[in-house]
Amino acid sequence: MKRSIFMAAAVIAIGFTTSSVFAQTTQDTTRKTTTTTSTTTAAAADGASDVVGALASNADYSTALAAVKAAKLDSVLKAGGPYTIFAPNNISFGNLPAGKLDSLLKDPVTLATLLKGHVVMGKYGKKEIIAALTAGKGKATVTTLDGQPLTLSLVSNKLQLTNAAGSTAQVTLFDLIGANGVVNGLNGILMPKP
């Protein structure tokens, strides 16, 4: 009798433990799947047409999208390619000095110059960047649309970009895929030489 009670208690304890672990795994998996699925789905649905659509697929880059449109670069980036856009996130634009973003949005020529420093010819998703860094022993240089060198390097195990003016930003998001390229997200704006 004692043995039956002990077995029943053990089965119940194992059941609760298994349920708890399963619930945590399910929650974590759901959370990860939701994030991955929404990003992948958005990139596949909106980005299938071009890199501008890929940029539009993630709300964290809505200011970069508005800037691309204000600079009238969207028509350029929708044709040809492949392109890689290293897009500053909304927080990066929010960190500009007061009034700077508004003045840039009203000056398409200056804004286009700034944005061309974030776009390179060729597709540089995470896989291609790793290959380029491996071939270059930790560094790689690509050329932006405005003809300037953009250096990619690993700093504290994070991918950092440095432009010709010495401005730096780190890649925080990889592989928003469009039919004619890819968008990678940055935590800063690569400011050109004054």
* Asked: Restricting the search to region 123-146, which residues are surrounded by fewer than 14 Cβ atoms within 10 Å (Cβ to Cβ) and small (Gly, Ala, Ser)?
  -> Ala131, Ala135, Gly136, Gly138
* **Hey, Thr110 in contact with a Gly (Cβ under 6 Å, 6 or more places away or on another chain) and closer than 26 Å to Ala59 by Cβ or not** => no
* To do: Please determine, by comparing only the residues of region 91-122 that are surrounded by fewer than 17 Cβ atoms within 10 Å (Cβ to Cβ) and touching an Asp or Glu at 6+ places or on another chain (Cβ under 9 Å), which one is farthest from Thr172 (Cα to Cα).
  => Thr113
* Thr113: within 29 Å of Lys72 (Cα to Cα), among the polar types (S, T, N, Q) and in contact with a Pro (Cβ under 8 Å, 6 or more places away or on another chain), yes or no? -> yes
* Residues (farther than 16 Å from Leu190 by Cα and either part of a helix (DSSP H, G or I) or under 16 Å from the mean Cα position of the chain (by Cα) (or both)) located in region 104-121 -> Leu105, Pro108, Val109
* Asked: Does Ala132 satisfy the condition of being part of a helix (DSSP H, G or I) and free of Cβ contacts under 8 Å to residues at least 24 places away in the same chain?
  -> yes
* Give Pro88, Pro82 a once-over and let me know the one that is modelled with pLDDT of 90 or more, touching a His at 6+ places or on another chain (Cβ under 9 Å) and either of a type outside the set (S, T, N, Q) or loosely packed, with under 10 Cβ neighbours inside 10 Å (or both). => Pro88
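The values are calculated or read from the model by the stated rules, or taken from the named source; none is laboratory data. No experiment lies behind these values; they were computed from the predicted model shown. All Cβ positions, even for glycine, are placed from backbone atoms using ideal geometry, and neighbour counts span all protein chains on display.
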